[in-house]
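Quick notes on the structure that follows.
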Amino acid sequence: MRRILEFALCLLVLSTSWGTSWSCPATVFSQTAEIAGQWITDRGAVTITISNESVSGTFAGGGTLRGTKKGDVYEVQCERPNQNQTWTGTIELDAQGSSFKGQTTENGATGTWKGWKRDATATTGETIDASGYWLTNWGAMHLEQTGNSVKGFFSSARWGSVEGTVEGRKLSLNWRRFSFSGKAELEVSSDGSRIFGLDTGENGTAWFGIRPTGFAKHAEPKAGEIVKGIANNGMLYFLRMPDGWKAGDSVDVVVLLHGSNWTTAGMVFVTNTNSPEIGKKFAILGLQGEQWAKRSDVDDLRFNYTYVNWVGRSTYGGFPGTDRESPYLVAEVLDELEEQYQLKRIFLGGHSQGGFLSYVMHMNFPEKLAGTFPIAGGLIFQAEPDAFDNEALKAEQRETPMAIIHGKNDNVVEFSMGEYAYNNFVQRGFGKVKLIAPNLGHPYDFLPVAEAIEYLDALSTEDKLLLLEFAKKQVTKKNWRDVGNAVSRAKEIDGGPEFGEIWQKLQEAAKKDAAKLLKEIERNANNKWVDKYYEYEFHFRNADAAQPIMEAFEALRERHREPADDLMKQAREAFQNNNRANGYQLYERIVNEYYASVHFTTVRSALKNRR
C-alpha cells in the first residue's frame, strides 16, 4: 500500500510540475531499497546495506554477507567464522519486503533459510496481545500479559524467565536463564503469527519463533478423532481416543515418540490407519519433542528430543542443566495426562530418535509403563543394564515387557544396534524382551507395530481370555518363549485350568534336548555348545526342564565373569586409544576362553561386523 501511495503521489507531482526537473524515488519502481535494514534470520541477525545492485551485511556476533541482485533474487555469500559457518544462498523478498525465503548450500549440502525484517514503526499503533504459547529457537515460551506488562518463561524445562513491557508490537524484555541474564527486543508480526528480534548483548543472538495454531491446553478428546493439546510443561501432543470411547471412560494408551526433526502427527494417523484394531481398543497419544526444529513452520511443525546427556537413575554423574531433558519431561506429561484423561496401562514406543528415547524411558521409569516398543533405535551407554545398581529398579526393568522392532534392511540406524540392545538385555536377565526383525528398512509406516502391541498387551493384561488366545496362538507357532511368558502371566492373574494343557506342551518341548545339552555344559570341552544353550534358554527359560541347565550355565558364567570383565576393560581402553587390532584380539580371547560371560554375544557380534 505504501508503494502504491508513493506512486500515486509521484504522478500527482509530475502532473503539476511542468518545467520542473523532478524524478520519482527509485523505491517506487524497485525492490532494491527494501532489503536494506536489520534482519532476524534462522542463521543469525544481520544488518544489510545496499549500493546499486550490490548488497553487503554484518552479522551480529561476527560475520559478513555479500551479494548481488539477479532479477528478483539476491545471490549472497555468507561467512560466520565464530560459528564455523560458510555458505552461499539466495534471498527472495515477499511482496511487502518484510520477510524472505531462500536456498542455501553449505559443504555440498543444500537447505533453506528464512528471515524477518525489523520494523521501525513497531512501537506505533495499538498494543498487541502477546500472551500465549510460542515456539522459539530459545525454547517454548509462555507469556502472560496484563496491560502493557508481560512476563513468562521459556523452554519446556522452565529454565528461563522473562519480564518486560509491550509497546505497539514491540516487546522489551529482561531475560534470565540459570546464572545468565540479559535484555532482548522482540516484535510480533502484524498478523500476530510470528515473533522475532534479538538479545541486545554484545553478540546480538537472534530470537525468533511462531505461534502454533489449533493446540489447546488439555484438549477435549473425541472418540475416533485426533485433537491437539498442550501439556503444563509446554510439550505439544496429538490424542486420538478409541472408537466408541465416551467421556469418563478409562482407557489404555499407546504413546508414540517421533524421529529426528519429525512429528507424531502422522504417526498417530498412520498407526490407526495401518492397524485399526489398535484404534478400536487403545487411545493413541503422540508426544512432540520439546525442541522446535527452527526451520519448520506452522503448517508442518517438526521437533526433536534431548536425552544424550541425561543420566537419570543410572550410576553416572549428571551434567548441569540436563536433569529436565526429554525423559523427565515425557514422564511428567505421562503423569499429567494419565490423570487428565483417565489413562490406564501405558505402552510407550518411539521411532529412530524416539526409539533411543524409548530405551531410556524403559530403564528409568519402568514403574510408569506396562510395556515399551523401541523402533529402529539404539541403546545409549547410560541406559544399558550395567549402568544401574538399584535392585528394586532393576527388578522393575526386567518385569516390564519390551518388544524391540528393528528392520534388518535399515540404512539409517543399522540393524546391529537393535540386535546389540536385544542381546544386552537377554544376557542380563530380561526375560520379557522380544526382537521383531522384519526384512524392512527404516520408515515407521511399514514396520509391524501391531505385533509389538499385541505382545505387550498380552503380557500385562488382566483379561484371561485374551491371554489364553495369545498363548494358544504362540503354541501353534512354536514360539515357546512367548508361551512361557504367557503362562507366567497366567500364574500372576490366576488364569485358570486352561493354561495347564499349555504348560504341559511347553514342558514336553523343553525336555526334548535337555539331557544332552546339560551333559555338554558339564563336560565343557569347548565353546561349540554355547549357541545351542542360548537358543534353548531363549525358548524354554520358564520350563522346569530348563532349570538345571540354566543353573549349570550360571555356575560356569560366575567362573568366567572376573577374567572376562578384565579383558573387556582392556579392550575398551585399546579402542579408546585407537589400537583396534589389540582390542579385537582381546575380544577373541573372550569368545574363545570365557564364552559363558555376559560379554560373549556382544563381542562376537563386534568381531563379525568389524571394519
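The values are calculated or read from the model by the stated rules, or taken from the named source; none is laboratory data. Remember, predicted model here, so these are calculated numbers, not experimental data. Cβ atoms come from the backbone with ideal geometry, glycine included; neighbour counts cover every protein chain shown. Please note that ligands, DNA and RNA were not included when accessible areas were found on the heavy atoms of the full protein model with its side chains. Shrake-Rupley method; radii C 1.70, N 1.55, O 1.52, S 1.80 Å.
Given a Förster radius of 30 Å and the C-beta distance between THR273 and ASN409 as r, what FRET efficiency does 1/(1 + (r/R0)^6) yield to the nearest 0.05?
After rounding, the FRET efficiency stands at 0.85.
Based on Cβ point charges of +1 for Lys and Arg and -1 for Asp and Glu, what charge dipole magnitude is obtained for the chain about its Cα centre, in debye rounded to the nearest 20?
Dipole magnitude for the chain comes out near 1080 debye.
So what's Rg/Rh here for region 215-289, counting alpha carbon atoms and using the Kirkwood radius for Rh? Walk me through the intermediate numbers first.
Details: Rg = 11.7 Å, Rh = 12.3 Å.
That ratio equals 0.95.
Multiply the residue gap between LYS516 and ALA36 by 0.36 nm, knock off their C-alpha separation, and tell me the result in nm, one decimal place. Don't skip to the end; give the middle numbers.
Details: separation 480, 0.36 × 480 = 172.80 nm, distance 8.44 nm.
That works out to 164.4 nm of additional length.
Compute the FRET efficiency between GLN576 and ASP389 as 1/(1 + (r/R0)^6), taking r as their Cβ-Cβ distance and R0 = 35 Å, and round to the nearest 0.05.
Between GLN576 and ASP389 the formula returns 0.90.
To the nearest 0.05, how large is the calculated FRET efficiency for ASP335 and ALA120 if R₀ is 35 Å and r is the Cβ-Cβ distance? List each step's numbers first, then the result.
On the way: r = 47 Å, r/R0 = 1.35.
Between ASP335 and ALA120 the formula returns 0.15.
If you stretched the chain out fully between GLN585 and GLU554, how much longer would it get, using 0.36 nm times the residue separation minus the C-alpha to C-alpha distance?
So the chain would gain 8.6 nm between GLN585 and GLU554.
If you place +1 on the Cβ of every Lys and Arg and -1 on the Cβ of every Asp and Glu, how big does the dipole about the Cα centre of region 306-348 come out, in debye to the nearest 20?
Computed about the Cα centre, the dipole is about 200 debye.
Suppose every Lys and Arg Cβ carries +1 and every Asp and Glu Cβ carries -1, with no other charges. What dipole size does region 139-268 come out with about its Cα centre, to the nearest 20 debye?
That gives a dipole near 100 debye.
May I ask you to rank ASP119, ASP299, ASP386 by accessible area, largest first, using a 1.4 Å probe over the protein chains only?
From most exposed to least exposed: ASP299, ASP386, ASP119.
Once you put a point 7 Å from the Cα of ASP72 and another 7 Å from the Cα of THR58, both along the Cβ direction, what distance in nm separates them?
The modelled label-to-label distance comes out at 3.3 nm.
Based on the mean of other Cβ atoms within 10 Å per residue, sort peptides 333-340, 509-516, 478-485, 177-184 so the most packed one is first.
Most protected by this proxy first, the peptides run 478-485, 333-340, 509-516, 177-184.
Using the Karplus curve 6.51 cos²θ - 1.76 cosθ + 1.60 with θ = phi - 60°, work out ³J(HN,Hα) for each residue of region 56-71 in order, rounded to whole Hz, and write x for Gly and Pro.
9, x, 10, 7, 4, x, x, x, 10, 10, 9, x, 9, 8, 10, x
Calculate one ³J(HN,Hα) per residue across region 107-114 by plugging θ = phi - 60° into the Karplus curve 6.51 cos²θ - 1.76 cosθ + 1.60, and present them in order as whole Hz with x for glycine and proline.
6, x, 9, 9, x, 10, 8, 9
Using alpha carbons only, how many angstrom separate the centre of region 175-205 from the centre of region 396-431?
44
Over the chain, what per residue volume does the convex hull of the Cα atoms give, in whole Å³?
Hull volume normalised by residue count: 191 Å³.
State which entries of LYS434/LYS473; LYS434/LYS477; LYS70/LYS101; LYS281/LYS464; LYS512/LYS532; LYS434/LYS491 exceed 18 angstrom in Cα-Cα distance in the structure shown.
Among LYS434/LYS473; LYS434/LYS477; LYS70/LYS101; LYS281/LYS464; LYS512/LYS532; LYS434/LYS491, the Cα-Cα distance tops 18 Å for LYS434/LYS491.
In what sequence, highest mean first, do 107-113, 497-503 appear when ranked by Cβ atoms within 10 angstrom?
497-503, 107-113
What lysines sit close enough to LYS217 to cross-link, taking a C-alpha to C-alpha distance under 17 Å and skipping anything fewer than 8 places away on the same chain?
Those lysines meeting the cut-off are LYS228.
Going by Cα centres, region 282-354 and region 236-273 are how many Å apart?
Their Cα centres are 14 Å away from one another.
Identify the residues of region 116-154 with backbone N under 19 Å of a label point that sits 7 angstrom from the Cα of GLN96 along the Cα-to-Cβ direction, or state none.
The answer is 116-131, whose backbone nitrogens lie closer than 19 Å to the label point.
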